[in-house]
Amino acid sequence: MENNFIAYIHLQIKLFRKNFIHSVSRKNFDEIHDYRVALKRLRNIINFIKQIEGGKNLKKCFKINHLNRAFKSGGVFREMQINRIILKRYEQRNGIRYYGFRNYIRIEEKEAFRSLKNVRNRFSARKIKKFETKVIEAVKSLPPSRLSEYVDSFILKRIAQIRELVKDHNVESTLHRIRRETKSIKYLLEMNKTQSKSYGDIEFELNIVTELEDLIGNWHDQQVFKFELEKYISILDKRKLSDEAANKLILEVAEDYNKIFDQTVKAVYDHYLIPARS
């Protein structure tokens, strides 16, 4: 299984470098998404190793190599890309062009892409290679016979954390953390498809978790869109301006948000066997 981990790390490094280098256009939607997913998987491996004896050398490894900066800058740009897609859906649904908000998104997207370019211009192949070597050395330091056991333990801890999160906190405020934990489970299942003591049918479990993660992701996208629309209207209010179309749209967006929020919460509670909210 150690070889599976190492091959997985090599693949994610390759996917990151390829897509990060080619994310040179605001139209490169897939490249932005793919290089960020590769970084999420690498970060998850680091978090996994750090919890096992022998993984201490990976402390702050992600930040040292500027990968965190690449991840965050791409995230802001990605959100603006998705906002533009969601806005187009509303325009098609309502048969109207929201010119003011569309222009606001365009400006925000342009600024986010400028920040991404600045990060990409500091890209260092040498640092990435050093990072890759360090992570692989950490994997090799782990006892191969217990890797599957460690994976199962890591996943079960994530599930326990999710259940603990919703026990004493507002669900809406913790869904982002639940989303990260669900992604973490998904990525560990990807690497451990053939060996597991806790899951009988890994492929089935992976499909279920993927569907749940997609649903939470859709909720997140709608929340970000709602936030940016509210921010746009707030800016107009401060300038003593108005956008009647946007003011009407926010009511529709809020209604859609409430629907997907309720759907997402139900799915999270059902999957992780959490008692229903009172």
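Overview of values
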item: q = 0.07, 0.10 Å⁻¹: log10 I(q)/I(0) that the Debye formula gives for the chain, counting C-alpha atoms only; result: -0.31, -0.62
item: Cα gyration tensor shape of the stretch 218-266, rounded if a/c is under 1.5, else prolate or oblate by comparing a/b with b/c; result: prolate
item: Those trypsin sites (Lys or Arg not before Pro) in the stretch 82-123 that DSSP places in a loop and that have at most 16 other beta carbons within 10 Å; result: Arg97, Arg122
item: Expected 222 nm ellipticity per residue - DSSP helices of 4 or more, -39500 (n - 2.57), all of the chain, to 500; result: -27500 deg cm²/dmol
item: Volume of the Cα convex hull of the stretch 1-142, divided per residue and given in Å³; result: 114 Å³
item: Rounded, prolate or oblate (a/c below 1.5 giving rounded, otherwise prolate when a/b exceeds b/c) for the stretch 145-278 by Cα gyration tensor; result: prolate
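Every read-out reported here was derived from the displayed coordinates using simple, explicitly stated rules and does not represent laboratory data. If you're wondering where the values come from, they're calculated on a predicted model, not measured in any experiment. Note that each Cβ is placed from the backbone with ideal geometry, even for glycine, and that neighbours are counted across all protein chains shown.
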